[in-house]
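I have placed the structure first, in the form of structure tokens, so that the comments after it can refer back to it.
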Ligand SMILES: Cc1cc2nc3c(=O)[nH]c(=O)nc-3n(C[C@H](O)[C@H](O)[C@H](O)COP(=O)(O)OP(=O)(O)OC[C@H]3O[C@@H](n4cnc5c(N)ncnc54)[C@H](O)[C@@H]3O)c2cc1C
């Protein structure tokens, strides 16, 4: 029987383990996880005394990416799927200290003068964005910064107040440093298909499938017990297989060669050291950590991705704290020029039916993005105070939060730089050439979203199974 090591017990490593075991292959799997829990960034806060189930880390999955639903169905959790409430449809953007509705149109791209108005966009800023429709169809021949592409098409004001907080916000990134091809390649397809982003936005707004979307499953999904229940179900399935050993608190320090196999040098949290051998491996940790770990074996080419630290601050209020004008809010985005500690909020209890009882409003604020992360140095109590003050000032909250929780994510968000996909392809090719039965996968490589990570974990497992011919 062949042995496969999986390094990293986040969603990527777990998906790889399930795939390795779901095949008919004759393999045993050892999963090494440095911390004392599985799930990595997936962390669900459950507070039974308040009746809240709220995510500290990822909040939901993009439903249109098939890997998400496929995993949920394979785990027998299809009946637990929860969609966003259609009534929580209003996203706001802060300008000059007040909440303005996000422009109408796909990704806030306006398609006529009624889509946005001052103060969010000045008349000149809106006119500049709309003029994109008359620009020649010139697309970059190679990868460029997302910001450069959007600025050239929709203008600086739209980018600063809509594009940056929305599209770079997902990565806690800087729009002028993120790779267009690795983050939003679909924008190029839209321009190719419709001639401009403005025309694409208009066509999407008018399309029947878009209008019906609100009545069926929403764009984002989760499950009733929170995303941690997916991790728990994955762990149960692994345990039931009887062919996997899960080593928590076990950090792989280095990998060396042992004949045709690999030797994993592991250190536990209590300082104990041991070595294990395996015929193949899925390495599901951040690229720079994989590189350091593999160095004794071979030099993995540098993917050179900045990993941004962030924090989330959960603020639980009595429902009476907010007036009826925010009843449809799903959250708000904070553009950089506003100079606030929080970069965005999600109104978890408005968006999701399972988060809290009706008597509570649960808001999650994000702190820290590339080039604007001083607030992360604040101690937890001060961070809560800053976040609650800013939320209070913007929303006119009449009461203070009754419960709060700060969760910090150190170097958590990969910010794919220009040329990222080329560097990933070079690293993968070098690994295939030097260590054919090893594969890398996870958020640092080909997509940060949970469905992307699941898919990468599964592909990596397929690659390893084929290579070891189990
Ligand atoms: C605040 C926040 C909000 C997010 N929101 C969303 C969202 O709403 N939707 C979405 O789809 N995505 C979201 N994401 C992104 C998504 O959560 C991550 O990209 C994804 O969870 C990464 O999974 P992973 O398995 O690749 O890595 P990780 O979750 O980082 O797991 C890697 C694991 O490897 C372990 N490890 C590291 N080194 C070693 C070693 N040497 N030996 C053994 N173990 C090791 C770590 O302890 C960790 O558990 C969010 C991320 C953050 C931080």
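Numbers below:
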| read-out | value |
| --- | --- |
| q = 0.10 Å⁻¹: log10 I(q)/I(0) that the Debye formula gives for the stretch 307-414, counting C-alpha atoms only | -0.27 |
| Alpha-carbon centroids, the stretch 396-470 and the stretch 61-101: separation in whole Å | 21 |
| Ordering of 266-275, 387-396 by packing [mean C-beta count within 10 Å, highest first] | 387-396, 266-275 |
| Where labels lie 7 Å past Cα in the beta-carbon direction, separation of residue 104 and residue 65 in nm | 3.1 |
| Pairs of Cα atoms farther than 17 Å apart, the stretch 153-277, % | 78 |
| Helix-only [θ]222 nm of the chain, DSSP H runs n ≥ 4, -39500 (n - 2.57) each, per residue, nearest 500 | -9000 deg cm²/dmol |
| Stokes-Einstein D (µm²/s) once Rh is taken as the Kirkwood radius of the stretch 360-442 over alpha-carbon pairs, at 10 °C in 1.306 mPa s | 95 |
| Cα pair count fraction exceeding 22 Å, expressed as % - the stretch 43-148 | 60 |
| Exposure proxy order (Cβ contacts within 10 Å, fewest to most) of 104, 351 | 104, 351 |
| Sorted by Cβ neighbour density within 10 Å, fewest at the top, the residues 232, 399 | 399, 232 |
| Nearest-ten-degree value, helix 420-434 long axis tilted from longest Cα axis of the chain | 10 |
| Three principal axis lengths of the stretch 104-213 [C-alpha, angstrom, descending] | 31, 31, 29 |
| All-pairs Cα distance distribution in the stretch 33-84, expressed in whole percent, bin size 5 Å | 4, 15, 17, 26, 23, 11, 4, 0 |
| Percent antiparallel among DSSP beta bridges (both partners in the chain, rounded to 5) | 70 |
| Stokes-Einstein D for the chain, Kirkwood Rh over Cα pairs, 25 °C, 0.890 mPa s (µm²/s) | 104 |
| Cubic angstrom per residue, convex hull over Cα atoms of the stretch 217-300 | 166 |
| Relative contact order (%) - the chain, alpha-carbon pairs under 8 angstrom, separation at least six | 25 |
| Angle between the chain longest axis and helix 450-468 axis [Cα atoms, degrees, rounded to 10] | 20 |
| Order of 366, 32, 416 under a 10 Å beta carbon neighbour criterion, fewest first | 366, 32, 416 |
| Efficiency of FRET from Cβ geometry, residue 256 and residue 26, R₀ 25 Å, rounded to 0.05 | 0.50 |
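Any read-out appearing in this document is the output of simple, stated calculations on the displayed coordinates, not a laboratory observation. Quantities reported herein were computed from a predicted structural model and do not represent experimental measurements. Backbone-built Cβ (ideal geometry, glycine too); neighbour counts: all protein chains shown.
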